[in-house]
Every structure is written in structure tokens, then in C-alpha cells.
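To start, the structure itself, in C-alpha cells.
The values are calculated or read from the model by the stated rules, or taken from the named source; none is laboratory data. The structure presented is a predicted model; accordingly, all values stated were derived computationally and were not measured. Cβ placement follows ideal geometry from the backbone for every residue including glycine, while neighbour counts extend to all protein chains displayed.
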Amino acid sequence: MLYKIISIDLDDTLWPCMPTIEHAEKTSYQWLQQHVPQITQRYSQQELRDKRKQLIAEQPQLLNNLSAARLAHFAQLADELCLSHDWIEKAFNVFLTARQKVSLYDDVLPVLGQLTQSWTLVALTNGNADIHRTGLGDYFDQQISAADVNAAKPDPAMFLRMINHYGVSPEQCLHVGDHPEHDIQGARNAGVGSVWLNRQQQPWPRQDFKADYEITDLKQLLSLLTAST
């Protein structure tokens with residue numbers, strides 16, 4: 001199959017997600033300690049995380065826009081503690097800036113540099129990482145996020161927007177990601193080929209479907225794509 005578009009997930013595919021989020025939340029909490037101490041005097045960092053998760057559980061549409069979820073959480077805290085809202089945007093920007101400070105896996109830059117010479121690369125993410133702010137903007141033609149289509153993977157909306165934008169068939173697209181449901185099921189839902197990036201060499205968790213391909217590092221993706229041309 002001659003693929004034209006390679007879509008790639010971001011968190012846990014190009015960098016470890018949780019260390020990035022934990023750093024950003026720690027940075028955000030330290031800012032709150034200094035500027036809105038009423039919040040940190042009431043809640044620990046973990047308690048704030050739990051409250052945000054509870055808010056998303058009560059308003060599941062927020063899963064489609066994690067930036068909106070954090071803003072809504074800050075607004076909830078302000079109302080609960082009878083605070084003004086004038087600090088919310090600043091607090092969010094502190095988090096978002098720290099959230100872009102990612103530690104790329106070693107294979108990312110060498111492989112992206114080679115991929116972009118022969119294929120159009122598109123970033124697809126459920127999160128609020130930004131390819132330009134993480135330093136990867138030159139490798140990708142565009143990024144589509146859950147917030148852009150108001151639907152998170154495995155909903156096919158991101159894939160369908162990509163397909164329509166480039167005027168290609170689903171069969172001409174190949175998606176690479178770490179998550180069996182979000183990435184592999186999402187690609188299947190759109191008729192797009194899928195590559196499971198299984199860095200930890202875990203057993204495949206599903207019985208009802210499988211990825212078209214499985215790799216343990218991105219260098220293997222180059223070999224796979226070369227063999228398919």
C-alpha cells in the first residue's frame with residue numbers, strides 16, 4: 001500500500017506523558033501557592049487533580065477539550081472560595097507553558113526528520129500539547145486536536161477531518177500511536193491503517209481487533225514504510 005499521509009499521536013508516542021503533566025501541574029501549583037494561596041491552603045496538588053477528574057466525570061464533554069476542562073476547574077475553585085476570576089487565565093497559561101516542555105524519546109527527531117522527506121505528517125492528539133511549542137512544528141504539516149473537532153479518539157472525527165483536508169482515501173493514511181483504543185480503534189473506526197507503537201512491549205489487550213502493524217520503536221516504522229512503497 002502506498003501511503004501518502006502518516007498521522008502520529010503525541011503523548012506517550014513521541015514523549016512520556018505523565019512526567020510532562022506532573023511537571024506542569026507542579027509548576028502550576030507553585031504559582032497558585034504564590035498568587036492564589038487560598039486554593040493551596042485548602043487543597044493539596046493531588047486533591048486538585050481529583051477535583052478536576054470529578055468535574056470531567058460530571059461534564060464528560062470536557063474530555064474533548066482538556067484546556068477548557070482546566071479553565072472550568074479554575075473557575076469552579078474561584079466560585080467555591082469566593083475569589084475573583086482575574087487570575088484564571090494567568091494560572092492556565094503557566095500550566096500550558098510548562099505542559100509543552102516535553103522530553104522526546106531518543107528515536108523521535110531522527111525518524112521524523114527522515115519521514116518528513118517522503119510523507120506528509122499530521123499530528124493527532126486528544127490532549128493540549130502543541131507541536132509548535134514543543135519544537136516539532138517543522139516536522140508536521142498540521143495538527144488536529146480533539147478540541148478542533150469536539151471529539152476525542154477513538155471517535156473518527158480527527159481522522160475524517162484529515163482525510164477530507166488532503167483529499168485522500170482512508171487507505172492512503174496510516175496512523176501511529178501508543179494507545180490500543182484511542183489510536184488503533186480510532187484509526188479502524190475511520191478505515192485508516194494503524195501501527196501500534198508498543199515501546200514497553202506489553203501484550204495486546206484486546207480480543208476483538210488488532211493493529212495492522214506493531215513496532216517497539218519509531219525506527220521500525222521507517223522499515224515498515226520503506227517495505228510498503
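Just need a number here: residues in region 173-189 that are under 14 Å from Trp204 (Cα atoms) and β-branched (Val, Ile, Thr).
Summing the residues that are under 14 Å from Trp204 (Cα atoms) and β-branched (Val, Ile, Thr) in region 173-189 gives 1.
Can you pull out the residues in region 203-228 that are closer than 24 Å to Asp155 by Cβ and either surrounded by fewer than 15 Cβ atoms within 10 Å (Cβ to Cβ) or among the β-branched types (Val, Ile, Thr) (or both)?
Of everything in region 203-228, those that are closer than 24 Å to Asp155 by Cβ and either surrounded by fewer than 15 Cβ atoms within 10 Å (Cβ to Cβ) or among the β-branched types (Val, Ile, Thr) (or both) turn out to be Trp204, Pro205, Arg206, Gln207, Asp208, Phe209, Lys210.
Using the structure shown, decide if Asp138 is under 25 Å from Leu10 (Cα atoms), assigned to a helix (DSSP H, G or I) and assigned by TED's automatic domain parsing to the domain that holds His179.
Against the criterion (under 25 Å from Leu10 (Cα atoms), assigned to a helix (DSSP H, G or I) and assigned by TED's automatic domain parsing to the domain that holds His179), Asp138 qualifies.
Kindly establish whether Ala129 is among the aliphatic types (A, V, I, L, M), out of contact with any helix residue (DSSP H, G or I) (no Cβ under 6 Å at 6 or more places or on another chain) and either outside the structural domain of Arg188 (by TED's automatic domain parsing) or modelled with pLDDT of 95 or more (or both).
Details: among the aliphatic types (A, V, I, L, M): yes; out of contact with any helix residue (DSSP H, G or I) (no Cβ under 6 Å at 6 or more places or on another chain): yes; either outside the structural domain of Arg188 (by TED's automatic domain parsing) or modelled with pLDDT of 95 or more (or both): yes.
The answer is yes for Ala129.
Just the residues that are surrounded by 14 or more Cβ atoms within 10 Å (Cβ to Cβ) and either assigned to a helix (DSSP H, G or I) or aromatic (Phe, Trp, Tyr) (or both), please, taken from region 97-116.
In the first step, residues of region 97-116 are kept if they are surrounded by 14 or more Cβ atoms within 10 Å (Cβ to Cβ); the result is 98-102, 104-105, 107-109, 111-112, 114-116.
The answer is Ala98, Arg99, Tyr105, Val108, Leu109, Val111, Leu112, Gln114, Leu115.
Based on what the data block shows, is Val94 in contact (Cβ under 8 Å) with a residue 24 or more places away in the chain, outside any strand (DSSP E or B) and within 22 Å of Lys26 (Cβ to Cβ)? Working first, answer last.
Numbers: in contact (Cβ under 8 Å) with a residue 24 or more places away in the chain: yes; outside any strand (DSSP E or B): yes; within 22 Å of Lys26 (Cβ to Cβ): yes.
So Val94 passes the test.
When you check Ala91 against the structure, is it at negative phi and in the same structural domain as Arg188 (by TED's automatic domain parsing), yes or no?
Spelling it out, it is not the case that Ala91 is at negative phi and in the same structural domain as Arg188 (by TED's automatic domain parsing).
Among the residues of region 48-70, write down those that are over 17 Å from Met18 (Cα atoms) and over 15 Å from the mean Cα position of the chain (by Cα).
Selection gives Lys51, Gln54, Leu55, Ile56, Ala57, Glu58, Gln59, Pro60, Gln61.
State which residue is surrounded by the fewest Cβ atoms within 10 Å (Cβ to Cβ) when the search covers only region 41-69 and only residues that are closer than 21 Å to Lys26 by Cβ and touching a residue at least 40 places away in the same chain (Cβ under 8 Å). Write out each step before concluding.
Here is the first cut: in region 41-69, the ones closer than 21 Å to Lys26 by Cβ are 41-56, 66-67, 69.
Checking which are touching a residue at least 40 places away in the same chain (Cβ under 8 Å) leaves us with 66-67.
Details: Leu66: 22, Ser67: 16.
Here the residue is Ser67.
Taking the criterion of being in contact with a His (Cβ under 8 Å, 6 or more places away or on another chain), surrounded by 17 or more Cβ atoms within 10 Å (Cβ to Cβ) and either in a loop (DSSP other than H, G, I, E, B) or at pLDDT 95 or above (or both), would at least one residue in region 168-181 satisfy it? First the steps, then the outcome.
Of the residues in region 168-181, the ones in contact with a His (Cβ under 8 Å, 6 or more places away or on another chain) are none.
No, region 168-181 contains no residue that is in contact with a His (Cβ under 8 Å, 6 or more places away or on another chain), surrounded by 17 or more Cβ atoms within 10 Å (Cβ to Cβ) and either in a loop (DSSP other than H, G, I, E, B) or at pLDDT 95 or above (or both).
Quick one: which residue in Gly135, Gly177, Gly113 is in contact (Cβ under 8 Å) with a residue 60 or more places away in the chain and small (Gly, Ala, Ser)?
Working: Gly135 fails: in contact (Cβ under 8 Å) with a residue 60 or more places away in the chain; Gly113 fails: in contact (Cβ under 8 Å) with a residue 60 or more places away in the chain.
Unique residue meeting the criteria: Gly177.
For the subset of region 201-229 comprising residues that are at pLDDT below 95 and among the hydroxyl-bearing types (Ser, Thr, Tyr), which member is nearest to the chain's Cα centre (by Cα)?
Out of the qualifying residues, it is Ser223.
Just checking, which of Pro170, Pro154 is more than 14 Å from Asn126 (Cα to Cα), free of Cβ contacts under 8 Å to residues at least 40 places away in the same chain and assigned by TED's automatic domain parsing to the domain that holds Val108? Can you show your working first?
On the way: Pro154 fails: more than 14 Å from Asn126 (Cα to Cα).
Being more than 14 Å from Asn126 (Cα to Cα), free of Cβ contacts under 8 Å to residues at least 40 places away in the same chain and assigned by TED's automatic domain parsing to the domain that holds Val108 holds for just one of Pro170, Pro154, which is Pro170.
Given the criterion in contact with a Ser or Thr (Cβ under 8 Å, 6 or more places away or on another chain) and at pLDDT 95 or above, identify the matching residue among Asn198, Asn164, Asn150, Asn189. Before the answer, list the steps.
Details: Asn164 fails: in contact with a Ser or Thr (Cβ under 8 Å, 6 or more places away or on another chain); Asn150 fails: in contact with a Ser or Thr (Cβ under 8 Å, 6 or more places away or on another chain); Asn189 fails: in contact with a Ser or Thr (Cβ under 8 Å, 6 or more places away or on another chain).
When all the criteria are applied, what remains is Asn198.
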